[in-house]
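Contents: one structure, followed by commentary.
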Amino acid sequence: MTTPKIVVTGRIPEPGIDLMKEVGEVWAWTHDDPIPHDIRNEQLASADAVVTILTDTVDEAFLDAAPNLKIVANVAVGYNNINVPACHARGVTVTNTPGVLTDATADLAMGLILMATRRLGEGERLIRSGAPWKWGMFMMLGTGLQGRQLGIVGMGGIGQALAQRARAFGMSIVYHNRSAVSADIEDALSARRCDLEELLATSDVVSLNCPYSQETHHLIDAQALSTMRDDAVLINTARGPIVDESALVDALVSGGISAAALDVFEHEPEVHPGLLDLDNVVLVPHLGSATIETRTAMATLAAQNVVGYFDGSGPVTPVT
């Protein structure tokens, strides 16, 4: 077998690159700016494997440019940027990087809950603005988490890790999932499964931790937001299009819900302009997995998938 060519379309940590060099010739885009399409397609023409990041769109045109492609290793837990059926129809294996970003994303979700309920973003903006202020008994009052209910939409690894953190803050847990988690996990988290309508109607904080799909597109729309309590907070660290941002702006402006904190956006990297003007919104630029340790682990797992494909041991985390 000839030495496989592995194309890396975005800058990733070096340990992943070094690992793939053990089984193939690696060509990697080393800039933070997106790879130009002409350069990408030139490299794809002879690629046996490609390592993609979540800003890459692997569609029919991408696959047409890579006639020898055997595996796409996505450096992300989600893979909505990849047309998986089209890949499989051409015999191309798809892999992702689940598990390794669980704690980092759950940490960020917990941080966003605190930022939104304690108005930390608003407070920091006040200080940075240079506006005069002084401590007062009723200044910028938020709400505590003790005794509050957290509703988790999507009780996979990240949802469960968030529940553990929320329990430490004294919150009770309900969750909505396609299937129930094990009784042992429910008992350990004191978590109760319920339908989405009940979760939305009763939770103080609603956190979105579900995968993005056709079924979850605009899962949180005007109707869902109207079901939520007017003092509730919405957190999204999953995928932007799960939320109808226009409906969210309307709910926040009208007082339909109290606040929101978003790490992901419907038309990322664009942010709905209505969100930018609101003090009761926390906005961060997709930082869910943004720790040195996690991004390195993601790149390493993606590389292990490529190595496993070519050394015969098989990818670690194939997408079926």
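The values are calculated or read from the model by the stated rules, or taken from the named source; none is laboratory data. Bear in mind the structure is a predicted one, so any value in this text is a computation, not a measurement. FYI the Cβ positions are ideal-geometry reconstructions off the backbone, even for glycines, and counts take in every protein chain you see. All accessible areas refer to the heavy atoms of the entire protein, side chains included, with ligands and DNA or RNA removed. Shrake-Rupley method; radii C 1.70, N 1.55, O 1.52, S 1.80 Å.
Which residue out of 172, 254, 190 is open to solvent by 40 Å² or more (accessible area, probe 1.4 Å), without any contact (Cβ under 8 Å) to a residue 24 or more places away in the chain and under 24 Å from residue 118 (Cα atoms)?
Being open to solvent by 40 Å² or more (accessible area, probe 1.4 Å), without any contact (Cβ under 8 Å) to a residue 24 or more places away in the chain and under 24 Å from residue 118 (Cα atoms) holds for just one of 172, 254, 190, which is 254.
Considering region 263-277 alone, what residues qualify as being open to solvent by less than 30 Å² (accessible area, probe 1.4 Å) and without any contact (Cβ under 8 Å) to a residue 60 or more places away in the chain?
If the condition is that a residue be open to solvent by less than 30 Å² (accessible area, probe 1.4 Å) and without any contact (Cβ under 8 Å) to a residue 60 or more places away in the chain, then 264, 265, 274, 275 are the ones that fit.
Mind checking whether some residue in region 214-221 is under 19 Å from residue 77 (Cα atoms) and either small (Gly, Ala, Ser) or touching a residue at least 60 places away in the same chain (Cβ under 8 Å) (or both)?
Looking for residues that are under 19 Å from residue 77 (Cα atoms) and either small (Gly, Ala, Ser) or touching a residue at least 60 places away in the same chain (Cβ under 8 Å) (or both), one finds none in region 214-221, hence no.
Looking at this structure, is residue 92 touching a residue at least 60 places away in the same chain (Cβ under 8 Å) and not small (Gly, Ala, Ser)?
When the stated conditions are applied, residue 92 does not pass them.
Are any residues in region 213-233 open to solvent by less than 70 Å² (accessible area, probe 1.4 Å) and among the hydroxyl-bearing types (Ser, Thr, Tyr), and if so, which ones?
Once the filter is applied, which keeps residues that are open to solvent by less than 70 Å² (accessible area, probe 1.4 Å) and among the hydroxyl-bearing types (Ser, Thr, Tyr), region 213-233 yields 213, 216, 227.
Mind listing whichever residues of region 38-55 are over 14 Å from residue 28 (Cβ atoms), hydroxyl-bearing (Ser, Thr, Tyr) and touching a strand residue (DSSP E or B) at 6+ places or on another chain (Cβ under 9 Å)?
Within region 38-55, just 46 meets the criteria.
Based on this model, can you work out whether residue 26 counts as over 25 Å from the mean Cα position of the chain (by Cα), open to solvent by less than 50 Å² (accessible area, probe 1.4 Å) and without any contact (Cβ under 8 Å) to a residue 24 or more places away in the chain?
So residue 26 fits the description; yes.
Go through (1) in contact (Cβ under 8 Å) with a residue 60 or more places away in the chain; (2) surrounded by fewer than 21 Cβ atoms within 10 Å (Cβ to Cβ) for residue 20 and report which single condition fails.
(2) is the only condition that residue 20 fails.
Kindly evaluate residue 294 against the criterion of being hydroxyl-bearing (Ser, Thr, Tyr), open to solvent by 20 Å² or more (accessible area, probe 1.4 Å) and farther than 20 Å from residue 219 by Cα.
no
Those residues that are surrounded by fewer than 17 Cβ atoms within 10 Å (Cβ to Cβ) and either of a type in the set (A, V, I, L, M, F, W, C) or within 30 Å of residue 83 (Cβ to Cβ) (or both), I need them from region 195-212; list them, please.
196, 201, 211
Looking at 116, 166, 161, 104 in this structure, which one is open to solvent by less than 10 Å² (accessible area, probe 1.4 Å), within 23 Å of the chain's Cα centre (by Cα) and under 28 Å from residue 278 (Cβ atoms)?
The conditions single out 166.
Kindly establish whether residue 295 is among the charged types (D, E, K, R) and touching a Pro at 6+ places or on another chain (Cβ under 8 Å).
yes
Each row is one residue, and each column tells you yes or no for (1) touching a Ser or Thr at 6+ places or on another chain (Cβ under 8 Å); (2) at pLDDT below 95.
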site	(1), (2)
24	yes, no
32	no, yes
38	no, no
47	no, no
68	yes, no
80	yes, yes
92	no, no
